[in-house]
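Remarks on the structure that follows.
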Amino acid sequence: QVQLVESGGGLVQPGGSLSLSCAASGIAFRIYNMVWYRQAPGKQRELVATTTSGGSTGYSDSVKGRFTVSRDNAKNTVYLQMNSLKPEDTAVYSCNAIGPGGIFWGRGTQVTVSS
């Protein structure tokens, strides 16, 4: 059974930082591309950051320079370091795995940026 479990969300003040994790099980993690998405209330889901099985990374323009995606294949975990957070970063953040076995989603973790 494939599971993706996100953690690390919470409430943070504008300008603050949070680090999210997504732990995967049931897949050959190292050969999967991993993607972080977010969805704010009333808005469409937005791709935030990607890390491929080959180690390449990519970011949406809205987070470039503030967020950093990384992965630890030994721990089957992908991370999202979020710095200089803004109120508009408030959303549910979910991780997504894409690979030979299919496409899988986690349930998400809430990030709220507010003073």
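The values are calculated or read from the model by the stated rules, or taken from the named source; none is laboratory data. Treat the numbers as computed from the prediction; the structure is a model and nothing was measured. Ideal geometry is used to build each Cβ from the backbone, glycine not excepted, and the neighbour counts take in all protein chains shown. For accessibility, only protein heavy atoms count, side chains too; no ligands or nucleic acids. Shrake-Rupley method; radii C 1.70, N 1.55, O 1.52, S 1.80 Å.
A few points about this structure:
- Residues that are open to solvent by less than 20 Å² (accessible area, probe 1.4 Å) and farther than 15 Å from A24 by Cα, drawn from the range 95-115: V111, V113
- Criterion (open to solvent by less than 10 Å² (accessible area, probe 1.4 Å) and either assigned to a strand (DSSP E or B) or of a type in the set (K, R) (or both)) met by exactly one of V92, V78: V78
- If you go through the range 34-74 and keep only what is more than 25 Å from P100 (Cβ to Cβ) and either acidic (D, E) or in contact with a His (Cβ under 9 Å, 6 or more places away or on another chain) (or both), you end up with E46, D61.
- When the range 16-57 is filtered for residues that are of a type outside the set (A, V, I, L, M), open to solvent by less than 50 Å² (accessible area, probe 1.4 Å) and under 12 Å from the mean Cα position of the chain (by Cα), the ones remaining, listed by number, are S21, C22, W36, Y37, R38, T50, T51.
- Exclusive hit being small (G, A, S) and in contact with a helix residue (DSSP H, G or I) (Cβ under 9 Å, 6 or more places away or on another chain), set S114, S84: S114
- Pairs with Cβ under 8 Å, 6+ apart, first in the range 66-79 and more than 18 Å from S17 (Cβ to Cβ), second of a type in the set (D, E, K, R): N73/R30; T77/R71
- Filtered residues of the range 23-51 (kept if small (G, A, S) and farther than 19 Å from K64 by Cα): A23, A24, S25, G26, A28, G42
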